[in-house]
Amino acid sequence: ITPRGHAMEVRLYAEDPDNNFFPSPGKIITRQVPSGPGIRLDDGVYEGWTVPNDYDPLLSKLIAWGNSREETIARLRRALEEYTVTGIKTNGGLFRRILDEPDFLRGEIHTEWLDELLRRPLSTAPPADVSQPGSSASDAAAIAAAIWQANQWDRHSCLSSSSVDQPSRWKQEGRRAQLDRLP
């Protein structure tokens, strides 16, 4: 067997990397999957499917292949941009961040590298096309943020009697499951 080319796989989970990788159960509202040369997607989820909180939240395995490491990374980066899921959080953003890291691109990583990356703060500067007030991208970002915040308030207010002491996501999902069983 003569090796040729490079391949990389990422496992997309319904989990929140910004919240200690806690599971993100919930209903998949929309989903767009990548395709193209050198891209393979193994999954079994679909729009409308509910990711339960009591089992492994693996959504998909996304594999990219290319003639060189650089081509493989470029294909995987494009595929991760195309792969979108709404209704739950995924670790896709973390993989996009990793693929943009200079150390990773140079292949200069080690066993503690990911822990070090996760301790580094994210840049707070907005992308160039969103930073111009009044632009359609800026308006869309502001509208999306307002809708997200309103949804957060609605979700929390129906599950807790106190706006100060919000229950954990696990407790919220447990209560929701109990209510779903009522006649």
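Things worth noting here:
- Nonlocal amide H pairs with residue 51, under 5 Å, H built at 1.01 Å: 26, 27, 28
- The stretch between residue 50 and residue 96, if pulled fully straight at 0.36 nm per residue, gains 14.1 nm over its current Cα-Cα span.
- Descending semi-axes in whole angstrom, ellipsoid equivalent of the range 1-107, from the Cα gyration tensor: 26, 15, 12
- Table column - 3J(HN,Hα) (Hz), the range 81-94, Karplus curve with 6.51, -1.76, 1.60, x for Gly and Pro: 5, 6, 6, 10, 9, 10, x, 9, 9, 10, 8, x, x, 5
- The gain in end-to-end length when the residue 67 to residue 151 segment is fully stretched comes to 25.8 nm, 0.36 nm per residue minus the alpha carbon separation.
- With a Förster radius of 30 Å applied to the C-beta separation of residue 58 and residue 1, the computed FRET efficiency comes to 0.55.
- Length-normalised contact order for the range 1-124 - Cα pairs under 8 Å, 6+ apart - percent: 32 percent
- Spin-label proximity, residue 9 to the range 92-116 - amide N less than 13 Å from point 7 Å beyond Cα toward beta carbon: none
- Kirkwood-Stokes translational diffusion coefficient of the range 61-111, alpha-carbon pairs, 37 °C, 0.692 mPa s, µm²/s: 275 µm²/s
- Placing R0 at 45 angstrom, the Cβ-Cβ distance between residue 86 and residue 109 gives a FRET efficiency of 0.90 after rounding to 0.05.
None of the figures in this text is laboratory data; all of them are computed from the coordinates on show. If you're wondering where the values come from, they're calculated on a predicted model, not measured in any experiment. Neighbour counts run over all protein chains shown; Cβ positions are idealised from the backbone, glycine included.
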